[in-house]
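Colleague: Below you'll find the structure I mean.
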Amino acid sequence: MTAMFSKLSRFAPVLLFLILLGLQDQLHAQDWVRTGSGLSDQRIRIAAADFKPLGGDPQTPTLKATFDAILFSDLTNAGVFDMVSKSMAPTATPGSPSEISLPQWAAEPANASMVAFGSLSVANGRMTVSGWVFDAKNAGAPQVLGKQYGDTANQDSARAIAHRFADDIIARLSGVNGIAETKIYFVSSRTGSKEIWAMDYDGQNQHMVVKLGSISLSPRVSPDNSRLAFSSIGKEGWTIRMYSLELGRMVSFPAGIAGGSNLSPAWSADGTKIAFSSSRSGDPEIWVTDSSGSGTRKLTAFRGPDVSPVWNPKTNSQIAWVSGRTGLPQIYIMDSDGANIQRMTDGGYAISPSWSPSGQFLAFSWNRKYGPGAPGGQDIYVMDIASKRWIQLTHDAGSNDFPSWSPDGRHLVFERAINGRNELWTMLADGTEQHELTHSGKNFMPNWSWK
């Protein structure tokens, strides 16, 4: 036994080197994901001052508390700011530019580069919010943003205005539109059947959107947020159904009921086409139709199932999908006319692709223990399309599936199953800042709205 440990000890430096090399590679991988997704270690340090209440309306304190909390949460979730803790901020609540003392906010311990501040008032059932962002280090010309918002005085409006102000701040300081006003559509069985639900990006305001009393799967919202495509089982079998969010009712989609099993719809970024999987001709293949449900044509024709198509949202000229043509499912990409097929994954069990808004990355669920590479469970990965480099985002935390990109390309929502619980989570595109969004029933297949 002593001899064996003696031999192993000779290899300890080599083993340590390999471990450190692996960690270094992981850090480098995170670097290229952060760069491509607009995340950075050089975050803007910003303070969100509590807004100043104006007037004596009894609703003001509670609406202001909601507004303050949501604004701070939205800026924290953005992934581009280093937030000044409320405990480190000056106790002052400046309600206008004339009331703010920038040296207080720029000094330690706050050390803020930017300060968001303003006022909230209620009068005659209307809420008015005035908000500013000042550069704390530029006393000569500090104003970066100034906005005023008005709406009905209630909790929903306080949340909505906070979301709008946060998105305006994020867009001005990062150059990319924020996601605070976006929605996430998903499947939930909390009422006894799998129905289509929606919620705000932060998990608030969860509500049922479509109730059919059967099994509905794979909701996909159109780029203009006007329609919702999904698959559902009924008397015709599995069909692609269409729901108008503007009309609040089902609308016709003839391409979805032409026989066989029809599953996993996906919108093109211009909203004119829908790709989906259908077995109407035998094996499940990838088909494309106009968004009206006409002009249907088949893209794939190979033995084995082809499912889960998604468009390149940057170009509309490519589709990624899952194919079992070589045995276990793998991720492939092709031109939107079915040409130039490329296999992206090198083994294992790879499913549920989602294409990033920039067109640079694919996120997907991968269990690599069936093929080359380190063994593991079903986790979320991100791959750079051009180089096929990949990084694993989830580790040792249940079974992870169905990633979906946020429209800013900085976040992902996904499904995680642990001990029979299926819940929806979000994380930044480098795998950090993982947060659970749902806590009731079983929840599946999230889809982040385009805007």
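Colleague: Taking the alpha-carbon centroid of each part, what is the distance from the range 27-68 to the range 428-451 in angstrom?
Modeller: Comparing the Cα centres of the range 27-68 and the range 428-451, I get a distance of 19 Å.
Colleague: Here's a follow-up. What's the center-to-center distance, using Cα atoms, between the range 109-141 and the range 162-241 in Å?
Modeller: Each part's Cα centre sits 32 Å from the other's.
Colleague: Of all beta bridges DSSP finds with both residues in the chain, what is the antiparallel percent, to the nearest 5?
Modeller: 90
Colleague: Under a Cβ-Cβ cut-off of 13 Å, what is the net charge of the residues other than GLY192 that fall near it, where Lys and Arg count +1 and Asp and Glu count -1? Before the final figure, lay out the partial values.
Modeller: On the way: positive: ARG190, LYS194, LYS211, LYS442; negative: GLU195.
Surrounding charge for GLY192 is +3.
Colleague: Projected onto the charge dipole of the chain (+1 at Lys/Arg Cβ, -1 at Asp/Glu Cβ, origin at the Cα centre), which of ALA112, GLN30, SER98 gives the Cα projection farthest towards the positive end?
Modeller: GLN30
Colleague: Can you list the lysines whose alpha carbon is less than 29 Å from that of LYS388, not counting same-chain residues fewer than 8 positions off?
Modeller: LYS273, LYS298, LYS314, LYS369, LYS451
Colleague: May I ask which residue of THR272, SER189, THR152 lies farthest towards the positive end of the charge dipole of the range 136-280, with charges of +1 (Lys, Arg) and -1 (Asp, Glu) on Cβ and the Cα centre as origin?
Modeller: Positive-end residue among those listed: SER189.
Colleague: Another question about this same structure. Can you find, among TRP287, SER365, PHE302, the residue farthest towards the positive end of the dipole of the range 256-387? Put +1 on the C-beta of Lys and Arg, -1 on that of Asp and Glu.
Modeller: Comparing the listed Cα positions along the dipole, PHE302 ranks first.
Colleague: What does the extension gain come out to for SER294 and ASP224, with contour length at 0.36 nm per residue minus their alpha carbon separation?
Modeller: 23.2 nm
Colleague: A follow-up question, please. On the Cα set of the range 347-451, report Rg and Dmax in Å, please.
Modeller: 13.1, 40
Colleague: Helix by helix through the chain, keep the DSSP H runs that span 30 Å or more along the axis on Cα and average at least -1.0 on Kyte-Doolittle, and give those back in order.
Modeller: Values: long enough: 2-37 (51 Å, 0.51).
Answer set is 2-37.
Colleague: Using a 10 Å cut-off on Cβ atoms, rank the peptides 75-83, 437-445 from the highest mean neighbour count down.
Modeller: 75-83, 437-445
Colleague: Measure off, as a whole percent, the carbon and sulfur share of the 1.4 Å-probe accessible area of the chain, all protein chains present.
Modeller: 53
Colleague: Moving on to the next point. Go through HIS435, HIS411 and list them by solvent-accessible area, largest first, probe radius 1.4 Å.
Modeller: Values: HIS435 85, HIS411 10 Å².
Largest accessible area first, the list is HIS435, HIS411.
Colleague: Something else: Just to make sure I understand: if all protein chains stay in place, what is the order of ILE170, ILE257 by accessible area at 1.4 Å, largest first?
Modeller: Order by accessible area, largest first: ILE257, ILE170.
Colleague: Dipole of the range 24-89, Cα-centred, from +1 at each Lys and Arg C-beta and -1 at each Asp and Glu C-beta, to the nearest 20 debye?
Modeller: 180
Colleague: Same structure again: Of all DSSP beta bridges located in the range 348-451, what percent are antiparallel, nearest 5?
Modeller: Numbers: 29 of 29 bridges.
Among the beta bridges of the range 348-451, antiparallel pairing accounts for roughly 100 percent.
Colleague: Another one. Considering only protein heavy atoms, what is the solvent-accessible area of SER399 at a probe of 1.4 Å, reported in Å² to the nearest 10?
Modeller: Accessible area of SER399: about 50 Å².
Colleague: Could I ask something else about it? Roughly how many debye, to the nearest 20, is the charge dipole of the chain about its Cα centre, given +1 on each Lys and Arg Cβ, -1 on each Asp and Glu Cβ, and no other charges?
Modeller: 920
Colleague: Here is a follow-up. Using the Cβ atoms and a cut-off under 14 Å, what net charge is assigned to the surroundings of GLY259, where Lys and Arg are +1 and Asp and Glu are -1?
Modeller: For residues surrounding GLY259, the net value is 0.
Colleague: Compare the peptides 111-123, 420-432 by average per-residue count of other Cβ atoms within 10 angstrom and give them in order, highest first.
Modeller: The most tightly packed comes first, giving 111-123, 420-432.
Colleague: Something else: Compute, for GLU181, the solvent-accessible surface of its heavy atoms (probe 1.4 Å) with the complete set of protein chains present, and express it in square angstrom to the nearest 10.
Modeller: Looks like 90 Å² after rounding.
Colleague: Show me, bin by bin at 5 Å from 0, the whole-percent P(r) of the range 222-304 based on Cα pairs.
Modeller: 3, 16, 28, 26, 16, 8, 2, 1, 0
Colleague: If you don't mind, there's one more thing I want to ask. Taking the highest mean first, how do the peptides 202-208, 47-53, 259-265 order by number of other beta carbon atoms within 10 angstrom per residue?
Modeller: Sorting 202-208, 47-53, 259-265 by mean packing, highest first, produces 47-53, 259-265, 202-208.
Colleague: For the range 182-298, with only Lys/Arg (+1) and Asp/Glu (-1) charged at the beta-carbon, what is the dipole magnitude about the Cα centre, in debye rounded to 20?
Modeller: 280
Colleague: For the chain, what is the mean residue ellipticity at 222 nm derived from helices alone (per DSSP H run of n ≥ 4: -39500 (n - 2.57); sum divided by total residues; nearest 500 deg cm²/dmol)?
Modeller: Value at 222 nm, helices only: -6000 deg cm²/dmol.
Colleague: Mean 1/r over all different Cα pairs, inverted: what Kirkwood radius does the chain give, in Å?
Modeller: 24.0
Colleague: Which value, in Å², gives the accessible area per residue of the chain when a 1.4 Å probe is used on the protein heavy atoms? Mind showing how you got there, number by number?
Modeller: Details: 19580 Å² over 451 residues.
So the chain comes to 43 Å² accessible per residue, rounded to a whole number.
The values are calculated or read from the model by the stated rules, or taken from the named source; none is laboratory data. Worth saying up front: this structure is predicted, and the values here are computed from it rather than measured. Using ideal geometry, Cβ is built from the backbone for each residue, glycine included, and neighbour counts are taken over all protein chains shown. Protein only, heavy atoms only, side chains kept; ligands, DNA and RNA dropped before computing areas. Shrake-Rupley method; radii C 1.70, N 1.55, O 1.52, S 1.80 Å.
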